Amino acid sequence: MAAIARAAMLLLVLLFAAAAPALALQLNNRNLTTFLFPSPDEYWVLGAQNSAVWRSVNLSTDLFITNPFVSAFTSPVLLSSNSPPQWISIDIPANNSIVARAPPATGYTLFLTSAGVDSDVVAVSGQFEIKPTGTTPLSPQYTRRPPSSASRATIPGAALAAAAAGAAALLL
């Protein structure tokens, strides 16, 4: 039974690595920060405002989402670009066009890269779930200092869609 579980885990790792080879190559080289929300025990909700929270890192970053089991997300999809170093979280609005096309599923992962360098991954979240509309949303619980208004951003849906369209061409 343990051999089957190990084989299944290896298959998952290989599928993820095939879907995002740049991410898989860079994980061993650099990990400057960690995600605080969502964690594997937490989730996002379709049609609700969702947040991503990470420990501060001293460089501008891009935020991506991926899921090797969801066809629209097997390649990383840009959620936010060129976030200043002082930002430690991003609120993604309920009407965000990228998250809106994410079907409810487990296996979603967020990752931060150095701004404009999608192969330079500085943090990867644990896998989390996106739940269907109507599920009670979770709110990040800050156990450290709460972010100030300068360290928290809300991404307008239209601006995010435009940024994602431009980044998609770079990722393909």
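The values are calculated or read from the model by the stated rules, or taken from the named source; none is laboratory data. Worth saying up front: this structure is predicted, and the values here are computed from it rather than measured. As a convention, Cβ positions derive from the backbone with ideal geometry for all residues, glycine included, and neighbour counts pool all protein chains shown.
Within segment 103-116, if we keep just the residues that are part of a strand (DSSP E or B) and over 10 Å from the mean Cα position of the chain (by Cα), the residue that is nearest to P85 (Cα to Cα) turns out to be S114. Filtering segment 36-83 to residues that are more than 13 Å from I98 (Cα to Cα), β-branched (V, I, T) and in contact with a Leu (Cβ under 6 Å, 6 or more places away or on another chain) leaves V53, V57, T61.
Comparison of F111, F73, F128 shows that the only residue that is farther than 19 Å from F35 by Cα and at pLDDT 90 or above is F73.
The single condition among (1) assigned to a strand (DSSP E or B); (2) surrounded by 16 or more Cβ atoms within 10 Å (Cβ to Cβ); (3) at pLDDT below 90; (4) not aliphatic (A, V, I, L, M) that S119 does not satisfy is (2).
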